[in-house]
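Heads up, the thing below is written out as structure tokens.
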Amino acid sequence: MSAASRMRSAAEGEGRGTRHSPGAERSEGEPKAQPLLEVTDLVVEFRTSDGVVRAVDGLSYRVEAGRTLAIVGESGSGKSVSSLAVMGLLPPTARVTRGSAQLAGTDLLALRPRQHRAYRGERVAMVFQDALAALNPVHTVGYQLTEALRARRGLSRADARTRAIELLDLVKVPNAKARVKEYPHQFSGGMRQRVMIASALAMDPEVLIADEPTTALDVTVQAQVLHLLAEIQAERRMGLVLITHDLGVVAGVADDVTVMYAGSAVEQAPVGPIYAAPAHPYTRALLRSIPSTAGADRGTRRRLPVIPGRPPSPAARPSGCPFHPRCDVAQDLCRTAVPPLTSPAPARLSACHFAADVLANRPPRAAERRDDRPQAAETPTTPPFDEQVPGGDHE
Amino acid sequence: MSDAVLQVRELVKHYPVRRGLLRRSVAAVKAVDGVSLTLERGRTLGLVGESGSGKSTLARVLVGIETPTSGQVLVDGEDVSTLSRAGRKQLRRDVQMVFQDPYTSLNPRMSVGEIVGEPFAIHGIDPAGGRRAAVGELLELVGLDPDHTSRYPHQFSGGQRQRIGIARALALRPKVLVCDEPVSALDVSVQGQVINLLEDLQEELGLSYLFVAHDLGVVRHIAHDVAVMYLGRIVEQGPEQPVYDTARHPYTQALLSAVPVPDPAVRATAGAAAQPGGLVLEGDPPSPVDPPSGCPFHTRCWLAPTLPEARSDAPGSRPVPTVCATETPALVPHGDAATHVAACHFARELAAPGVES
């Protein structure tokens, strides 16, 4: 079975991916890179007391060598579950019911657990949010860093120790020689996260998935860790998937962005364009709701623009577009029809019926569009949505 | 015009470090080490700093969860420490707390009605119209359905739970709310809702907030005044605008420059990932058991080694001006406003615009 998936032609994987992934539609100038990891139409379901719940509903993305893909979303958006599926680390109640995750010609999702182990850590590694919980408190840091190397590569204890020191040096833990003998509780939060990164790098993976790696850290330490990640990634031409809720972090390190809402991608694009002109109302609203240190809201004590309501529970998703109950431009169509990911501009994908209008920052023209009236008739002098430009908030 | 509702004078909170068979105190964690603050009525004072800076300890002392080692806490001019037990309890009604984690700060075995009504029970108060009605009103005040009193915390989302926590804190009609990271556990889209609620409640009820947070953007939005803590001390303090726009302490500047800016264009101009302002502090904050001599920040300060006065004591050590390593700088005005104070010997060096690394 794994042989079959290995045999699956690259062309087929490519063909299935182009419809959804933003990389495929990148502007002509850039050479189209072969993705390291390509996730296509992933569906993950959980068995719960309320029945079967879809945590991830048709997610596709691709990660290229030397590039960073940020997956942004709120809690319950499915961003972490989708990564656990790729890693083969889903809890027993969860099941991948559709989709593939191609890594160098192999569909990771079609592998049996034992086969998956050969990829986990070796080719795709993961850094978890809570380093204190992810590290074993009763083993030294050096032991944990090289556990996999000893088990799989048969490294001797002396070699493992040397390698552990190298790894700590790599992530810039000062005094690595002495610190390999220490236990996780003797490390500060930032240093622990460095240890996590070092252990993920031990087997030299092609793709690193980092799930909220800096969320538990102070801003000053966060800056250090993000800087380190970016440096290592550039050096090794690694593909990095950064899962986060922090749009500030995304702007700082990502090349491409996938915004998730209610289990699927609602917007996918390179980082620059998505911040300059979001093509989905959710992205736009998220960007507007960040309080700034630049003091845009000084003096007037203006209310923070917020998204009403809260993210829907996977057990009770709204009909039509899952964002419509919270959307500021929702139309009748949005209540009934699920919007597909469409491309309102080159290298842009948005799952909004009115993606082109949102991108152009003008009100949606629902009626006109459905009546199919000519262009000229549909441009009445509607007030421009200037105040909704995220940049417009920071005068 | 000063109308202080809460004053803190030279507050110190040390925790003994005990060792050996006799549990003798061998050292002290200097969590809060001489802090003075004034919270004006109807205003919000933001308290920022890294973890371990003592900001949460300070908050806990203010609501009476911890007793101070020394120093005074004055509520409406009355010194809490000189009061009798009964008097303290009375005063404690005036200062209530909203906790960070809405998942662990609500008892899962109590219904919402019991949680929000518990302050009445503890203080033996029967509000006009009965507790049930009062609880309903409180829930309505924070934007929850008053009919949900018989539900349990697990039936609510994070944002709703934080609203329950706020309703509980408001039950006794306090003058001051101490909010310890009230929105940091919430999703971005829900965070704004709770911030707006807190601002509305302040206006409606004339509340004063001490707002402890590590998110500098949130603090800038909600606070009128800001105090920056480092290793148990305040290193900079003043109205929100000058502190953010013309920070006079190198630590404040470093904190501000470490905040990720949600704008990829900033990265393009800065050239390096994840460090828009270019000031990345090295290492972690030192241990509060053994804080550095002189200015507590001198071991991580990015400014000190660049000064002409800098010299290193031992070969290989970090060069800093002698005064930074020996004398603790006092909080003195440095900006245009007399209320904007910073504790740095070289604050004037930072006054020139464009001093970035």
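Every read-out reported here was derived from the displayed coordinates using simple, explicitly stated rules and does not represent laboratory data. What you see is a predicted model; the values in this text were computed from it and never measured. Backbone-built Cβ (ideal geometry, glycine too); neighbour counts: all protein chains shown.
Report the semi-axes of the equivalent ellipsoid for the protein assembly as shown in whole Å, largest first, where each axis is √(5λ) for an eigenvalue λ of the Cα gyration tensor.
Three semi-axes, in Å: 42, 35, 27.
As I understand it, the dipole of chain B uses +1 on the Cβ of Lys and Arg and -1 on the Cβ of Asp and Glu, about the Cα centre. Which of B:25, B:251, B:297 lies farthest toward its positive end?
B:25
Indicate the helices, whole DSSP H runs only, in chain B that combine a mean Kyte-Doolittle hydropathy of -1.0 or more with a Cα extent along their long axis of 24 angstrom or more.
Once both thresholds are applied, what remains is B:188-205.
Suppose every K and R has +1 on its Cβ and every D and E has -1 on its Cβ; what is the size of the dipole of region B:185-269 about the Cα centre, in Debye to the nearest 20?
It comes to approximately 480 debye.
For residue A:37, which sequence-distant residues (separation of 5 or more, or a different chain) have an amide H within less than 5 Å of its own amide H, given hydrogens modelled in the peptide plane?
A:63
Springs between alpha-carbon atoms under 10 Å, Gaussian network over chain B: tell me which of B:265, B:227, B:347 tops the mean-square fluctuations.
Top of the fluctuation ranking is B:265.
Taking the Cα centre of the protein assembly as shown as origin and charging only Cβ (+1 Lys, Arg; -1 Asp, Glu), how large is the dipole, in debye to the nearest 20?
Here the size comes out at about 2640 debye.
At 4 °C and 1.567 mPa s, grab the translational diffusion coefficient of region B:252-351 from Stokes-Einstein with a Kirkwood Rh over Cα pairs, rounded to a whole number in µm² per second.
Reported coefficient: 85 µm²/s.
Hey, got the dipole for region A:217-286? About the Cα centre, +1 on K and R Cβ, -1 on D and E Cβ, debye to the nearest 20?
So the dipole magnitude of region A:217-286 works out to roughly 120 debye.
Hey, what's the Cα Rg ratio for region A:225-317 versus the globular rule of thumb, 2.2 N^0.38 Å?
With N residues counted in region A:225-317, Rg over 2.2 N^0.38 Å equals 1.27.
What is the set of long-range amide H partners of residue B:28 at a cut-off below 5 Å, with H atoms built 1.01 Å from backbone N?
For residue B:28, whose amide H was placed from the backbone, the distant partners under 5 Å are B:17.
Semi-axes of the equivalent ellipsoid of region B:140-185: what are they in whole Å, largest first, if each equals the square root of 5 times a C-alpha gyration tensor eigenvalue?
Gyration-tensor ellipsoid for region B:140-185: 19, 15, 8 Å.
Between residue A:235 and residue A:47, with labels modelled 7 Å along Cα→Cβ, what's the label distance in nm to one decimal, could you check?
Result for the modelled spin labels: 4.6 nm.
Would you please report the Å³ per residue occupied by the convex hull of the alpha carbon atoms in region B:103-173?
It is 76 Å³ per residue.
Tell me the Rg and the Dmax, in Å, that the Cα atoms of chain B produce.
22.0, 74
Can you find, among B:286, B:315, B:265, the residue farthest towards the positive end of the dipole of region B:252-351? Put +1 on the C-beta of Lys and Arg, -1 on that of Asp and Glu.
My answer, from the dipole projection, is B:265.
Assuming R0 = 51 Å, can you tell me the calculated FRET efficiency for the pair residue A:152 and residue A:335, based on Cβ-Cβ distance, to the nearest 0.05?
In this case the efficiency is close to 0.45.
Quick one: P(r) of region B:1-113 from all Cα-Cα pairs, 5 Å bins, percents rounded to integers, in order of increasing distance.
The calculated distribution, bin by bin, is 2, 9, 17, 20, 18, 15, 11, 6, 2, 1, 0, 0.
Taking Cα pairs under 8 Å and at least six residues apart, what relative contact order does region A:122-225 come out at, in percent?
This gives 45 percent for region A:122-225.
At 0.36 nm per residue, and after removing the present C-alpha to C-alpha distance, how many nm does the segment from residue B:132 to residue B:317 gain when stretched out fully?
Working it through step by step, the gained length comes to 60.1 nm.
Please compute the modelled spin-label separation between residue A:112 and residue B:103, points set 7 Å along Cα→Cβ, answer in nm with one decimal.
Result: 3.6 nm between the two label points.
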